[in-house]
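First up is the structure itself, then whatever we jot down about it.
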Amino acid sequence: QIVCVGSLPMVTLGLALFAIGLRDGLMPLGDLIGRTLMHEKREMVPGVGFALGLLLTFGEPAIGALVEVAYVAWEFPTIQGLLGAHQELTVGGIGSSVGLAVSLGCWRLSRADHGGGWSLSQMITPVVLICLAVTAVTPLAAQGLAWDAGAVTTGPITVPVVLALGAGLASEGRPAFGVVTFASLMPV
């Protein structure tokens, strides 16, 4: 019990420092990357969006928690297979789908001032319909895993950086929202 009581202040301090690091380090970096790409290297927006989405997902703490489920999911061989023997493939698929979502979302924001971007609903609606259709024919054990894969991608690392990147890409007066929603749907 002494260890638990002593660790609470350390966890609180760690979370406080993490929040400061996000606010003062990662979020300004995401905004700077977005602004630089928008003004100087617009053709690189999709590639940089994909790389950031992929790499940020691998650093997301919740991905590690999702992978740990394999050790307690002994009643569900489907989940054990996806998170045990094929763990790298599953995590790589989640990261790649987040990268694709961030790439497409950033492309949408970068094209908005040229009249070539799609509306947010035009991008999200088909993905939601596909997710629902696939869920209807997927075994019950894998349904929860699929939707949890989307949820774990919207954690304390990915969300602030993607939001800051979107804000940097967005033209003045245009909201930069929707990329995180898209990134949480694509892994499903």
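The values are calculated or read from the model by the stated rules, or taken from the named source; none is laboratory data. On a predicted model such as this, the values are computed, not experimentally measured, just so you know. Neighbour counts are summed over all protein chains in view; Cβ atoms, including those assigned to glycine, are modelled from backbone coordinates with ideal geometry.
Below are the figures for this structure:
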quantity	calculated
Residue 182 under 23 Å from residue 22 (Cα atoms) and at pLDDT below 80	no
Subset of the range 133-169 (residues that are buried (at least 20 other Cβ atoms within 10 Å of the Cβ) and farther than 22 Å from residue 65 by Cβ)	164, 165, 166, 168, 169
Unmet criterion (only one of (1) over 19 Å from residue 34 (Cβ atoms); (2) touching a Ser or Thr at 6+ places or on another chain (Cβ under 7 Å); (3) at pLDDT below 85) for residue 154	(1)
